Amino acid sequence: MAPKEQKSKEAKAMAAMSSSKGKKKKWSKGKNKDKVNNQVLFDKPTYEKLMSEVTKYKMITPSVLADRLRINGSLARAAINHLVEEGEIKAVSRSHSQYIYTRAGSE
């Protein structure tokens, strides 16, 4: 077996740069959640939808209202308090973190 020929420093550097290990890893951007643009005040169509449709929901929570009506959480809580005062919905469970309501006519 003949001894291997020694490469020059420049040849070794070129070989290292062209190898697969010489390339940098490309990182993914990650998963970006879309920013929701929820309303902070009621407009007329949203308020009418609240009064007509929400009273027919089987389960009513601030998160359900925020998701379906595209309103923010504090407005959803205020809307629920408004519906309770009018007697349209009734409380099922109230803990410090989550309020659950249902339509007033269901038993």
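As an exercise, identify the chymotrypsin sites (Phe, Trp or Tyr not before Pro) in the range 1-101 lying in DSSP coil whose Cβ has no more than 10 other Cβ atoms within 10 Å.
Those that pass, being in a loop and sparsely packed, are Trp27.
Just tell me which lysines come within less than 20 Å, Cα to Cα, of Lys9; anything on the same chain fewer than 8 places away is out.
Lys21, Lys23
Cut-off under 19 Å on the C-alpha distance; same-chain residues fewer than 8 positions from Lys24 excluded. Which lysines are left, in chain and number order?
Lys12
Run lengths n ≥ 4 of DSSP H only: what is the helix-derived mean residue ellipticity at 222 nm for the chain, with -39500 (n - 2.57) per run over all residues, to the nearest 500?
-11500 deg cm²/dmol
Please check: in the Gaussian network model of the chain (C-alpha springs, under 10 Å), which one of Ala91, Ala11, Ala78 has the largest mean-square fluctuation.
Among Ala91, Ala11, Ala78, the largest mean-square fluctuation in the Gaussian network model of the chain belongs to Ala11.
I'm spelling it out carefully: the read-out is Kirkwood radius over Cα pairs in Å, the candidates are [x] 18.6; [y] 15.9; [z] 14.6, and one was derived from this structure. Which label?
Read-out taken from this structure: [x].
For the chain, which span is the longest to avoid every loop-located (per DSSP) member of trypsin sites (Lys or Arg not before Pro) having at most 11 other Cβ atoms inside 10 Å?
Longest stretch, sites excluded: 59-107.
Just so you know, all these numbers are worked out from the coordinates, no wet-lab data involved. Everything quoted here is computed from the prediction, not taken from an experiment. As a convention, Cβ positions derive from the backbone with ideal geometry for all residues, glycine included, and neighbour counts pool all protein chains shown.
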